[in-house]
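FYI, it's all coordinate maths here, none of it is from the lab. As the structure is a computational prediction, the values presented were derived from the model and not from experiment. When we count neighbours, we look across all protein chains shown, and the Cβ atoms used for this are built from the backbone with ideal geometry, even at glycine.
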Amino acid sequence: MRLFNKIAIVGTGLIGGSIALAIKKNRLADKVIGVSRHKESLLLAKRKGAIDIGSCDLGIIKDAQLVILAMPVDAIIKLAPKISAIVSKDCIVTDVGSTKEDIVSRLKGVFTNYVGSHPLAGSEKRGIANARPDLFKNSLCILTPARDTNNKALKKLQVLWGRLGAKTALLSPSGHDKALSFVSHLPHVVAFSLIGIMPKQYLRFASTGLKDTTRIAASESELWAAILLSNRKNIIQAMELLRVNMSRIKSALQKKDLDLLTLIVKQAKAKRELLG
């Protein structure tokens, strides 16, 4: 069932491309428009059947009923005023940024029908070449409405994400950034740090444990540097809690306290099992 006549996706990388493929697969729009700085990305997106037409010129999104901003946080904030001057006031606008406080505070004053989105799906791989239509199947998408968010726009986006395969949850922008600092951003910091201190000569002895723990360290460097900076206050607080827990383990090791070490591992195991 069609939800929109024309959907424009600004940023045809892994997430934007996967959204486009899922929209096409589920026939949620008559036409899907792609915008990218890179012509090669647009050509590949068209060859994959993700978009009907693409351009490096933002003017192509003029008649869109829905605009999805699939770019890094800083790029979303920078381009928002330009996009606002192009689209109609009735156009629904959302983004897929990994942090929300800065984006929502800026964009809610720029677009009448703006609602923040964050699909919790992805890969350490990047680009339209790795996009796939089932990326959001059985995933969760967090929507971050503000107090004055248009309820009709919110409901329509909930339907859209549901049709793409994701369940939706509502969080405030600040609540989102706090939660993600623990469940996403801190794990990336740990993975970057762990692989960073690993002596190269030992890597040939690594088995699945190290590979599983550091898989996300292969993420796009510029993207993740921007994400970490945009949520630095919450991440620093989460890192401090990690430091306290690491100090607890260090103290148990220094004291040769087998009971405490066993308790720490047991408690961690029980919490990990809650993830399924």
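What to note about this one:
- Dipole magnitude (debye, nearest 20) for the chain, charges at Cβ of Lys, Arg, Asp, Glu: 480
- When only Cα pairs below 8 angstrom with a gap of at least 6 residues are kept, the chain shows a relative contact order of 16 percent.
- The local environment of VAL93, defined by Cβ-Cβ distances under 13 Å, has a net charge of +3 under the rule Lys, Arg +1 and Asp, Glu -1.
- Ranked by how many other Cβ atoms sit within 10 Å of their own Cβ, fewest first, the residues PHE136, PHE4 fall in the order PHE4, PHE136.
- For the stretch 4-171, the percent of C-alpha pairs falling in each 10 Å distance bin, counted from 0 to the bin holding the largest distance, reads 11, 45, 38, 5, 0.
- Cross-link table LYS25/LYS271; LYS78/LYS152; LYS31/LYS167, entries beyond 29 Å C-alpha to C-alpha: LYS25/LYS271
- Taking 0.36 nm per residue of sequence separation and removing the Cα-Cα distance, the LEU194/LYS152 pair yields an extension gain of 10.6 nm.
- Debye intensity ratio I(q)/I(0), log10, the stretch 77-171, q values 0.16, 0.21, 0.23 Å⁻¹ (C-alpha model): -0.70, -1.10, -1.22
- Restricted to Cα atoms, the stretch 1-95 shows a radius of gyration and a Dmax of 11.9, 34 angstrom.
- With K and R counted +1 and D and E -1, the other residues having a Cβ less than 12 Å from that of ILE249 yield a net charge of +3.
- Note on the stretch 176-275: dipole from Cβ charges, positive end direction compared against ALA225, ILE264, ALA252; the farthest Cα belongs to ALA252.
- Distance violations [Cα-Cα > 25 Å] among LYS100/LYS156; LYS48/LYS178; LYS24/LYS125: LYS48/LYS178
- With N counted as the residues of the stretch 176-275, its alpha-carbon radius of gyration over 2.2 N^0.38 Å works out to 1.21.
- Beta bridges per DSSP, both residues in the chain: antiparallel share near 15 percent.
- Trypsin sites (Lys or Arg not before Pro) lying in DSSP loop within the stretch 200-272, provided at most 10 other Cβ fall within 10 Å: LYS255, LYS256
- Charge-dipole axis of the stretch 4-171 as Lys and Arg at +1 and Asp and Glu at -1 on Cβ define it, positive-most pick from ILE103, PRO72, SER88: SER88
- The gain in end-to-end length when the SER172 to GLU124 segment is fully stretched comes to 14.6 nm, 0.36 nm per residue minus the alpha carbon separation.
- The convex hull defined by the C-alpha atoms of the stretch 45-121 has an orientation-averaged projected area of 5.4 nm².
- Each Lys and Arg adds +1 at its Cβ and each Asp and Glu adds -1 at its Cβ; summed about the Cα centre, the stretch 142-258 shows a dipole of about 240 debye.
- Per residue Cα convex hull volume in Å³ - calculated over the stretch 161-211: 115
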